[in-house]
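Colleague: Provided herewith is a single structure, encoded as structure tokens, for subsequent inquiry.
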Amino acid sequence: MPTQHPMETLKEALLLEQRGRAFYQKMAEHSRIASVSEFFKTMAEEETRHIRILNEQFKAVAKQKQYDAPNLEKNGHSSVANAVLSNTLKSQIRAASFEAAAIAAAMHMEEMTVNLYAERARNAKDPNEKAFYRWLTEWEHTHLSFLVKLEQEIREAVWNDRQFWPF
């Protein structure tokens, strides 16, 4: 991917985060299972935080022509996995195939976002910009790792339930 102007990367990042939030909100509204709905609401809230932080950086770059890296520490990464991972959630998502499919779609969205941020971190010349995108990459990677683990556990549980072992 060719190196983009910082404002273009921020616009693309905002669009990805807005799409993610819309997806998670729709899933939260659609699910009839309280814990699954709460999971997707939590993910939508995470995307809202990302949008707020990206908007702050967008304003900083537009006004000052530089990223505001010192602002990163106060925002901190949340621990979405600790907040929502439970055996009840896993079993309820396993029982609801639509929600399980949504986890796979969410993984793809998070992976695209991680790749965008990691690429920008690699190519950034400004140390604040590099720090900002590394920070965002780590935060998004926690979401992706959580979703991958959740999907793997759901898949394994389904295999066990259906005795899907070829030996």
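The values are calculated or read from the model by the stated rules, or taken from the named source; none is laboratory data. Keep in mind that this is a model prediction, so the values were computed, not measured. Cβ placement follows ideal geometry from the backbone for every residue including glycine, while neighbour counts extend to all protein chains displayed.
Colleague: State whether the residues of region 55-70 include one that is in a helix (DSSP H, G or I), at pLDDT 80 or above and surrounded by 20 or more Cβ atoms within 10 Å (Cβ to Cβ).
Modeller: Within region 55-70, one or more residues are in a helix (DSSP H, G or I), at pLDDT 80 or above and surrounded by 20 or more Cβ atoms within 10 Å (Cβ to Cβ).
Colleague: In region 6-51, which residues are of a type in the set (S, T, Y) and part of a helix (DSSP H, G or I)?
Modeller: Answer for region 6-51, where residues must be of a type in the set (S, T, Y) and part of a helix (DSSP H, G or I): T9, Y24, S35, S37, T42, T48.
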